[in-house]
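Taking it in order: structure first as structure tokens, then the write-up.
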């Protein structure tokens, strides 16, 4: 394996010590700490502290499924976590007395947990946590009846934690949805207050939009009027994003005219400020529950009307007509959003037509995904196999050597091993360093606190608060606090803290070493996956362009237009994350990363142009679609298809790619109406042409390098 360059190590250590303060959440920490304290306290007060510890196991593990997601989504994940935790306690307890059976079950369980990476990160984390519970209780063999009771007790602890998390559901049912929509509208307001001065600037509020799309996806089975309101607000926010982008580009065009129409530029700048005020009013209304104000939109309408009668050069007049149409659309979108945010929706709101899929289809889809990944080409399969082998080796080693608390070896492996290089080695470093620091902290606290039960329960609750409040911000903090917490839990069960500390240090070191060595010997390199990720992004762009094409020609929005736009944005986000992971890997040439970042930049400009062309589709009522648009559109789709095929390794003759520049030239000089009637479409198709030609050159270089 090659030695990583200094820049890779610098980036690696920056990520290790990174503290993401936006992930600090005291409320989650508090309710999770209360759940753990209740289970332990109930056991101590009832004279059954061992049962309280089992219940705490369920509460502790389910707490990691707690989040700021919608209540329904949280409840489903935490209930599933409770049931899985209980079953893992039962399975581990009844198989632990026979080594061969225990190792077989652990191996199959770890493989299944590893395959969940193909479903989602949340499912993978839940699977890894279930492996941890399985190996812990595999070292504590029980009679089947006792094991069943222990499993039910763990389920009860998890359900208690779930109840604390969703306790406010009846009173604040849609609070998470309102919060994320509020943040989206406030971010749009910030973007409108300071619109991009350059066309290559990022699309407004992309990250916030993705977050809102992901969170509100949980409402797909909620057919209430309230859930329809929030889906409608999300839809309006997406349309507003497109309109703001289009207006920003028109403003840039006007500013480049010689001479620039100063009065109209000032008016457009004022419109951005009015839009910002309206968006801020909507965001604050969603956040605080007040009324959004629409009065400022009167000036907005007046400016749009003035532009209707503006004079000037043909190019300027064409741009002002485009601006006026976009202003009219934006004003309507803002008025609708204000009405709905103020809980005074219009009588005829078009509801989102995203019906819930039957549960059989959802489960069938996940099973089909898992089946498709059962091969060595799959990252999920390789990760699952690596995880299963390492966990079995760690468990067998601990049993064979007769080490005290041997389950910490496979437990550490299950926690540290991740599908990618950067996450595995960052977790490994932080897990080992955090464990040692946590054991030192636990030793200090043991000497400082009285040796009775209740101070130790208080210490567990306090450490749980730190784990869940600050742990998400940095994994090292989580490792320190959870290590100290575990020591106190074992001391409550009657095991000497000194024995726990020494066993934890030794076994964690062994487990971490096995995990890191296994990944070092059989890694999964992100650089081998990034081409496929880029190809998928181009596929989604092709789907999005096809939907825009149909909209542009027919003037009727395609039912899947918004879905394809969101899919393209997500695919571009996935590529960005893939490039970041690849940049942490040893042996990746700096020029490869720079080329990938160039592909990402070109794709961003292409995405902006596609969104602006979507906005231009609203103007097709003014002028007929030119015949030359169809061959241009055909060649755009063909180019995207050829580039994605090249990224997947198919032989492609780059010299035979469609001549998009010639297609665009023919498009500009076609049509019976004056050219200025097509100005916006001409500008955006020119940018699409430029972006795709740039992408073609970058993909060609990438293919030649690999």
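The values are calculated or read from the model by the stated rules, or taken from the named source; none is laboratory data. Since we're looking at a predicted model, the values are computed, not measured. Glycine gets a Cβ as well: all are built from the backbone with ideal geometry, and neighbour counts include every protein chain shown.
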Which is touching a helix residue (DSSP H, G or I) at 6+ places or on another chain (Cβ under 8 Å) and under 29 Å from residue 372 (Cα atoms), of 91, 59?
91
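Does residue 90 satisfy the criteria of being at negative phi and within 31 Å of the chain's Cα centre (by Cα)? Please lay out each step first, then the result.
Details: at negative phi: yes; within 31 Å of the chain's Cα centre (by Cα): no.
Against the criterion (at negative phi and within 31 Å of the chain's Cα centre (by Cα)), residue 90 does not qualify.
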Return only the number of the condition from (1) modelled with pLDDT under 85; (2) over 25 Å from residue 584 (Cβ atoms) that residue 443 does not satisfy.
(1)
So which of 603, 609, 592 is over 18 Å from residue 686 (Cβ atoms), in the same structural domain as residue 537 (by TED's automatic domain parsing), buried (at least 18 other Cβ atoms within 10 Å of the Cβ) and touching a residue at least 12 places away in the same chain (Cβ under 8 Å)?
592
Apart from one, (1) free of Cβ contacts under 8 Å to residues at least 24 places away in the same chain; (2) in a helix (DSSP H, G or I) all hold for residue 311; the odd one out is (2)
Given (1) under 39 Å from the mean Cα position of the chain (by Cα); (2) at pLDDT below 80; (3) not in a loop (DSSP other than H, G, I, E, B), residue 290 misses just (3)
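Is it the case that the stretch 93-105 has a residue that's touching a residue at least 40 places away in the same chain (Cβ under 8 Å), outside any helix (DSSP H, G or I) and buried (at least 24 other Cβ atoms within 10 Å of the Cβ)?
Taking every residue of the stretch 93-105 in turn, at least one turns out to be touching a residue at least 40 places away in the same chain (Cβ under 8 Å), outside any helix (DSSP H, G or I) and buried (at least 24 other Cβ atoms within 10 Å of the Cβ).
Please determine, by comparing only the residues of the stretch 642-660 that are in a helix (DSSP H, G or I) and touching a helix residue (DSSP H, G or I) at 6+ places or on another chain (Cβ under 6 Å), which one is surrounded by the fewest Cβ atoms within 10 Å (Cβ to Cβ). Write out each step before concluding.
We begin by selecting, within the stretch 642-660, every residue in a helix (DSSP H, G or I); these are 642-647, 654-656, 660.
Cutting the leftovers down to touching a helix residue (DSSP H, G or I) at 6+ places or on another chain (Cβ under 6 Å) gives us 643-644, 646-647, 654, 660.
On the way: 643: 27, 644: 23, 646: 22, 647: 24, 654: 14, 660: 23.
Only one residue fits best here, namely 654.
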Test residue 550 against the criterion of being surrounded by 21 or more Cβ atoms within 10 Å (Cβ to Cβ) and more than 22 Å from the chain's Cα centre (by Cα), and give yes or no.
no
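Could you identify the single residue in 30, 60 that is modelled with pLDDT of 90 or more, in the same structural domain as residue 421 (by TED's automatic domain parsing) and surrounded by fewer than 18 Cβ atoms within 10 Å (Cβ to Cβ)?
Working: 60 fails: surrounded by fewer than 18 Cβ atoms within 10 Å (Cβ to Cβ).
Answer to the check: 30.
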